[in-house]
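**Student:** Take this structure, written in structure tokens, and hold onto it; I'll ask about it next.
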Amino acid sequence: MSKFKYAVLAAAALIVAAGCGGPAQAGNSGPKLALDAPLPTSVPDGTKIVVGDPATQVAFKLSGQLDKVEKYVKFANLSGGPQTTEAFRAHALDLGSVAEIPAIHATWTGLKVKIVASKFRQDAINHPIYELGIAPGVNVKTLADLKGKTIAFSPGQAQGSLVLKVLKKAGLTKDDVKLIELPSTGDVYTNALAAKQVDVAPIGGVQIKRYTAKYGKDGATTLQHGIRDDAGHLYGPVESLEDPAKAAAIREYVAAWGVAQDWIDKHPKEWIAGYYVKDQGLTEADGQWLVDNAGHPDITADWSSAITRNQETIELLAAETKNPVIQAKDLYDLRFEAVAADAIKAVGK
């Protein structure tokens with residue numbers, strides 16, 4: 001077992017020890033809730049769900065909504081696909097915040113999960129999450145120039161999927177490049193680029209700005225890929241959704257989550273100061289860049305287009321990884337389709 005998995009399982013054990021476990025400590029000993037049954041709308045007293053969604057936790061605090069949510073939520077300092085999947089397996093988490101790939105990858109590894117909320121970006125092509133970082137001295141001006149290059153690759157994560165999509169758009173295959181498996185965490189990719197361990201790597205968020213600021217004088221550049229990479233989801237294990245009490249709490253959380261995303265969009269100064277500067281330790285300028293780069297969220301009550309895009313991703317990944325083609329629609333719990341959007345509308349009335 002890797003050190004990473006040991007760390008995640010240790011964190012999961014601490015959550016359970018604290019008396020706030022996930023599915024292993026279901027709050028209802030009665031019959032399971034069918035996945036096509038209407039969602040309960042009342043959260044029983046004493047119900048707790050464990051949620052790995054640190055950014056939204058800060059948004060609740062800044063917007064004054066944290067007390068309401070903490071009645072039924074215990075937050076865990078976990079995020080991203082690998083961490084949430086391991087925590088689900090340890091029965092220590094009910095909900096996690098991830099990008100497009102983790103629900104797909106979890107399903108391929110035998111873990112039954114469902115997406116219960118989705119967030120996208122308006123004008124997504126012009127507001128990408130990632131850009132292609134180009135190592136100093138490497139000549140990549142167009143996607144076609146990727147041929148023959150060494151590219152950082154993280155299977156099971158959004159960055160890995162993006163690399164495969166970029167190659168397809170460029171008319172290239174994995175055989176035309178050299179993929180180097182590296183975990184896409186922290187500044188691993190930017191350090192690998194700076195050290196010329198790889199020629200190209202997808203980098204996101206403030207890493208884009210910091211990479212060119214730090215290494216631009218040495219010839220480091222970035223290249224926009226022109227592909228939608230904006231999908232963000234809340235997902236959780238099916239067994240949590242089969243617990244009526246937890247399903248009700250998850251529904252309440254999704255509604256509150258939607259309102260929180262809307263609050264972030266409408267209060268950029270407070271978000272920059274409270275999250276990017278105070279919580280993440282970034283400068284105000286970095287925070288402003290991230291806000292501008294993200295644009296505005298798109299939280300819709302109709303997931304049909306998102307499911308179509310997700311199916312295309314599944315088929316691309318299945319072909320490249322030799323996994324079976326699964327149906328994207330089966331990854332989504334459509335009972336939650338309008339929950340976040342309706343909550344945002346209700347607040348606006």
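**Student:** Can you pull out the residues in the range 282-306 that are assigned to a loop (DSSP other than H, G, I, E, B), closer than 25 Å to ALA343 by Cα and open to solvent by 60 Å² or more (accessible area, probe 1.4 Å)?
**Tutor:** Across the range 282-306, the qualifying residues are HIS296, ASP302.
**Student:** Among the numbered criteria (1) modelled with pLDDT of 90 or more; (2) of a type in the set (S, T, N, Q); (3) more than 24 Å from TYR332 (Cβ to Cβ); (4) open to solvent by less than 60 Å² (accessible area, probe 1.4 Å), which single criterion is violated by ASN77?
**Tutor:** Looking at each condition in turn, ASN77 falls short on (4).
**Student:** Another question about this same structure. Among GLY21, GLY27, GLY52, which is modelled with pLDDT under 90 and either open to solvent by less than 30 Å² (accessible area, probe 1.4 Å) or within 30 Å of TRP271 (Cβ to Cβ) (or both)?
**Tutor:** GLY21
**Student:** Considering only residues that are in a helix (DSSP H, G or I) and either open to solvent by 10 Å² or more (accessible area, probe 1.4 Å) or of a type in the set (S, T, N, Q) (or both), which ones fall in the range 232-256?
**Tutor:** The answer is VAL238, GLU239, SER240, PRO244, ARG251, GLU252, ALA255, ALA256.
**Student:** Name the single residue, out of those in the range 39-85 being more than 17 Å from TYR275 (Cβ to Cβ) and in a helix (DSSP H, G or I), that is nearest to the chain's Cα centre (by Cα).
**Tutor:** GLY81
**Student:** Kindly provide the set of residues from the range 138-172 that are part of a loop (DSSP other than H, G, I, E, B), open to solvent by 50 Å² or more (accessible area, probe 1.4 Å) and modelled with pLDDT of 95 or more, ordered by number. Steps first, please.
**Tutor:** Taking the range 138-172 and keeping what is part of a loop (DSSP other than H, G, I, E, B), we get 138-142, 147-149, 154-157, 170-172.
Now narrow it down to the ones that are open to solvent by 50 Å² or more (accessible area, probe 1.4 Å): 139, 141-142, 147-148, 155, 171.
Residues satisfying the conditions are ASN139, LYS141, THR142, LYS147, GLY148, GLY171.
A quick yes/no check of all residues on (1) closer than 28 Å to ASP330 by Cα; (2) out of contact with any helix residue (DSSP H, G or I) (no Cβ under 6 Å at 6 or more places or on another chain):
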| residue | (1), (2) |
| --- | --- |
| LEU193 | no, yes |
| LYS196 | no, yes |
| ASP199 | no, yes |
| GLN207 | no, no |
| ARG210 | no, yes |
| TYR215 | no, no |
| ASP230 | yes, no |
| GLU239 | yes, no |
| ALA249 | yes, yes |
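**Student:** Under 7 Å by Cβ, and 6 or more places apart or on different chains, what pairs join a residue from the range 58-86 that is closer than 17 Å to ILE250 by Cβ with one that is small (Gly, Ala, Ser) and open to solvent by 50 Å² or more (accessible area, probe 1.4 Å)?
**Tutor:** As it stands, the answer is none, since no pair meets every condition given.
**Student:** Only one residue in ARG228, ARG210 is at pLDDT below 95 and closer than 30 Å to ILE299 by Cβ, so which one is that?
**Tutor:** From the options ARG228, ARG210, the qualifying one is ARG210.
**Student:** Could I ask something else about it? From the list ASP229, ASP279, ASP218, pick out the single residue that is acidic (Asp, Glu), surrounded by fewer than 23 Cβ atoms within 10 Å (Cβ to Cβ) and under 30 Å from VAL50 (Cβ atoms).
**Tutor:** None of the others qualify; the one that does is ASP279.
The values are calculated or read from the model by the stated rules, or taken from the named source; none is laboratory data. Here the structure is a predicted model, which means the values were calculated and not measured. Virtual Cβ from ideal backbone geometry, glycine too; neighbours counted across all protein chains shown. Surface areas here come from the heavy atoms of the whole protein model, side chains and all, with no ligands, DNA or RNA. Shrake-Rupley method; radii C 1.70, N 1.55, O 1.52, S 1.80 Å.
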